[in-house]
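Enquirer: The structure that follows is given in the form of structure tokens.
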Amino acid sequence: MSRSLLLPVPALAWALAAGCAPGAQQRQDGAPADGSADGSDADADADADADADTDSDADGDADADADGPVAVGGFTVEGVVQDADSGAAVPGACVGVADPMGAALGEPLPWLGQATADGAGRFEISDVPAASTLGLLLVADDCADLGLLGEDSSRMRLGDWAPTGSLLPVERWAALGPDDRLTAVQPLISQGQLAALATELEAAGAWNSIDEGALLGQVVNEDGEPFPAAWLRGPASIQVLYASGGGSWLAWSHTTAAGAARYVIPTPPWGAYLAWGPEVEFPTQITGGIPGLLLLWDFQAMGRHGG
């Protein structure tokens, strides 16, 4: 189906014959001697008008069929849930897609679709509507938290895993319709990893606990490789901690090669976040914390200054 806008059919050029047909005899009043030439012209003009109208209508119908409104939303989100540390599939995880606008407003997440990963960690969520300009939030969590467990105790409870989410920015799904599919990988952070990270951040002087939620990830270049010597900006109340290698973290510093350019922001407030690096530009991301959720986001460079 074409996704272009409906354009008007160009106006047709009309050529009207002046005077009589060649060789026609004229009466004294200017009418043709046989009374047929002007009549034939009128008939021809009428036929031409009718044909043009028919052609115009047909062209208009064809254009309307080809270039009619494009259905946006109703697409499918599919992918796999993986252990954030090993990359191994996590079977039986519960996955949901939500509009993060609710969290930004301090309200419960409005779930747009949910599914349970199969034995290979694969999931599929169909008929996902277009959400707000904040993007979509993909979450893997305990089934009870996603409203999937109910009275069915046979569903797996992810007691070994911490609720983990990822942002799906608008540009990834804005033009998708019912026949389209969006593929994503959702990592899950284990409770053991979470406990170790919390201990490391406390030793580094973190103001807040990540048990209440955190924004974490990497700063990467255009090719997705770690970008050292970058730092993050955001709302005035944030504290950013940067990995420095060997389980150590530094506040008020910058990304490091030894720390694989990783960062953590415990309990981040909602607002505009931006990475900055020498000679490199990064897009601004509107995001924030969701209580009890580890939100993964990599700040990726989009080009060089003036490039």
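None of the figures in this text is laboratory data; all of them are computed from the coordinates on show. The shown structure was predicted, so the numbers you read here are calculated from the model rather than taken from an experiment. Here Cβ is always computed from backbone atoms with ideal geometry, including for glycine, and neighbour counts include all displayed protein chains.
Enquirer: Say each of ILE286 and ALA272 gets a label point 7 Å from the Cα, pointing the same way as Cα to Cβ; how far apart are those two points in nm?
Expert: Roughly 1.0 nm, to one decimal.
Enquirer: Once you have the Cα-Cα distance between ARG122 and ALA144, take 0.36 nm times their residue separation minus that, and quote the gain in nm to one decimal.
Expert: 6.0 nm
Enquirer: Right, another one. Nearest 0.05, what FRET efficiency do SER253 and ALA89 give at R0 = 22 Å with Cβ-Cβ as r?
Expert: Numbers: r = 35 Å, r/R0 = 1.60.
Approximately 0.05, to the nearest 0.05.
Enquirer: Also: Put a dot 7 Å past each Cα toward the Cβ at VAL185 and ARG172; how far apart are the dots in nm?
Expert: Result for the modelled spin labels: 1.2 nm.
Enquirer: Cut-off 13 Å, label point 7 angstrom out along Cα-to-Cβ of ASN221: give me the residues of the range 233-258 whose amide nitrogen falls inside.
Expert: 257
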